[in-house]
Amino acid sequence: MAARANLSNWPVLRQASGSDRLGRGAAVKSGVSERLQPRTATADKVVDSVCPYCAVGCGQKLYVKDDKVVQIEGDPASPVSRGRLCPKGSATLQLVSNPSRVTKVRYRRPHGTEWEDLDLETAMEMITDRVIKTRRDNWEWEKDGKRTRRTMAIASLGGATLDNEENYLMKKLYTAMGAVQIENQARI
């Protein structure tokens, strides 16, 4: 008898025998699904943001609970994306919530086998020192009797998250350093 009672709760039978023939209402609901609620319903606040993956700039709504992002959705008020997000944009919650996300500067010394944590200031100083040394050691005033004023030891490949303004500044910075290999990978 108990098995028969369980069969009457089976969604397919409820759909076939009830008034919800298309299975869009009561036929597909269960005790478990009745108790479910979206993560957005429990949010303390909603913050407007922009997707960081490419230069399109799709609008996002970040749902925050207890100072942690619990859901990210497209912003329907965005004139760029009108609430839609691509697969990468839809997965941006992983950027802030993935436990494997690296949040420290990691450094492995030349010929080293272990990674070590560095503070940001130390890492930035190391990068600055290396850029200055590379430029100084590889500066080319002229080649084959023609003035070049460049270094072929520094190059830049910008990522797809850079917008036109950021690319403009990157071009100016690397040109001022004497680099000539400057490219952007802003193609989706």
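Rule-based calculations on the coordinates, nothing more; no lab input. Only a predicted model underlies this, so the values are computations on that prediction, with no experimental measurement involved. Cβ sites come from the backbone with ideal geometry, for glycine too, and all protein chains shown count toward neighbours.
Treating r as the C-beta distance of Glu116 and Val96 and R0 as 30 Å, the FRET efficiency rounds to 0.75. Summary of packing: across the peptides 156-163, 30-37, the per-residue average of other C-beta atoms within 10 Å ranks them, highest first, as 156-163, 30-37. Full extension of the chain between Val131 and Ser33 gives 29.5 nm of extra length, using 0.36 nm per residue less the Cα-Cα distance. Within the set (i) 28.1, 103; (ii) 27.5, 99; (iii) 17.4, 53, the number that Rg and Dmax of the Cα atoms in Å takes when calculated for this structure is listed as (ii). Tell me the angle of helix 164-177 to the major Cα principal axis of the chain, expressed in degrees between 0 and 90 and rounded to the nearest ten. The angle comes out at about 20 degrees. Rounded to the nearest 0.05, the FRET efficiency derived from the C-beta distance between Met124 and Cys86 at R0 = 45 Å is 0.90. Were the residues from Ser17 through Lys146 laid out at 0.36 nm apart, the gain over their Cα-Cα distance would be 37.6 nm.
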